[in-house]
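Every number in this text was worked out from the coordinates using simple rules, so none of it is lab data. Computed from a predicted structure; not experimentally measured. Counting neighbours? That spans all protein chains shown, and the Cβs are built from the backbone with ideal geometry, glycine included.
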Ligand code: CP
Ligand code: NVA
């Protein structure tokens, strides 16, 4: 069997993956999901004897549990390291990388600044996976677009409307969605748009793949005719001091029954954690259009596929 094109690679940005590589990960995610759902066990243990170091500068439920459980389910092991032990200024990022590359097989890192994950990836000779930075959340985008792939198959021409903050989750969805030829719309309040550099990159990818990016300050305009309506917290981790002004700025951008009436066929998505009755109502989150808990389950399957391809593909 030939070596995976992903073997030994890093995943720092959602733009690191080509459409073919994303397709490979979707296929493997689907196979792992079917096997796990049927038996809660896998016939093979491709990561036997392998260790993942997980570095967290910020809290997590889904990212931690899905990476740790995913390693266990594939025969490997994960070590959870928090702010006090690493990346907290105790030693340089380069020294952390030089230590870990001699001890474990891969690193997953959730940091504040994006540059920390970039530096880890540059310094460590083993795969480094971005588990969320202020700039991106590529593992989330992978699981989310896998969730759409399960429903729609080929995602070329599928429209996703993101309503809210032009944040890390939006950035990664825009980059990966553009790579797959999707139409990615964003409705955001003035002053809360995405990073221009990401938009430029995503535009180039979209043009090449037949997709598009569009922006509006009218949630209804973004949502009309979309196949997926996505939202995320108005205040991301690290922005807590801005929470009150953000609540005011985003008040018109709540995903509620009135808004999704404009897209009755759309699935409703959220990366979680959700702030019920802020960016999304419970009625919509727990309603028939919601695929939110499928997304969180798919973090497990998509990341297992990623780990298997990076480490044993
Ligand atoms: N969606 C997500 O990354 O969740 P956690 O912050 O709980 O890991
Ligand atoms: N945008 C959110 C995503 C949490 C998974 C944050 O960065 O806090």
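Out of 255, 284, which single residue is within 16 Å of ligand 2 (Cβ to nearest atom), over 17 Å from the mean Cα position of the chain (by Cα) and crowded, with 20+ Cβ neighbours inside 10 Å? Working first, answer last.
Values: 284 fails: within 16 Å of ligand 2 (Cβ to nearest atom).
Step by step, each of 255, 284 is checked, and only 255 is within 16 Å of ligand 2 (Cβ to nearest atom), over 17 Å from the mean Cα position of the chain (by Cα) and crowded, with 20+ Cβ neighbours inside 10 Å.
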Output for the range 29-46, where each listed residue is under 22 Å from the mean Cα position of the chain (by Cα) and under 30 Å from residue 82 (Cβ atoms) = 29, 32, 33, 36
Residue ID - farthest from residue 140 (Cα to Cα), chosen from residues in the range 264-277 that are in a loop (DSSP other than H, G, I, E, B) and away from ligand 2 (no atom under 13 Å from the Cβ) | 264
Pick out the one residue from 198, 129 that is surrounded by 24 or more Cβ atoms within 10 Å (Cβ to Cβ) and outside any loop (DSSP other than H, G, I, E, B).
-> 129
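Could you say which residue among 148, 142, 173 is more than 10 Å from ligand 2 (Cβ to nearest atom), part of a helix (DSSP H, G or I) and under 17 Å from residue 188 (Cα atoms)? Show your work before the answer.
On the way: 148 fails: under 17 Å from residue 188 (Cα atoms); 142 fails: under 17 Å from residue 188 (Cα atoms).
Matching residue, one of 148, 142, 173: 173.
Residue 261 - would you say it is within 15 Å of ligand 2 (Cβ to nearest atom) and either without any contact (Cβ under 8 Å) to a residue 60 or more places away in the chain or exposed (fewer than 14 other Cβ atoms within 10 Å of the Cβ) (or both)?
Numbers: within 15 Å of ligand 2 (Cβ to nearest atom): no; either without any contact (Cβ under 8 Å) to a residue 60 or more places away in the chain or exposed (fewer than 14 other Cβ atoms within 10 Å of the Cβ) (or both): yes.
Here the answer is no, as residue 261 does not meet what is asked.
Each row is one residue, and each column tells you yes or no for (1) away from ligand 2 (no atom under 16 Å from the Cβ); (2) in contact with a helix residue (DSSP H, G or I) (Cβ under 7 Å, 6 or more places away or on another chain).
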position: 29; (1), (2): yes, yes
position: 41; (1), (2): yes, no
position: 57; (1), (2): no, no
position: 74; (1), (2): yes, yes
position: 77; (1), (2): yes, yes
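Which residue out of 238, 177, 157 is more than 16 Å from ligand 1 (Cβ to nearest atom) and under 27 Å from residue 117 (Cα atoms)? Quick ask: steps written out before the conclusion?
Numbers: 238 fails: more than 16 Å from ligand 1 (Cβ to nearest atom); 157 fails: under 27 Å from residue 117 (Cα atoms).
Testing whether each residue is more than 16 Å from ligand 1 (Cβ to nearest atom) and under 27 Å from residue 117 (Cα atoms) leaves just 177.
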Name every residue in the range 157-170 that is away from ligand 2 (no atom under 16 Å from the Cβ) and out of contact with any helix residue (DSSP H, G or I) (no Cβ under 7 Å at 6 or more places or on another chain), in order of residue number.
-> 157, 159
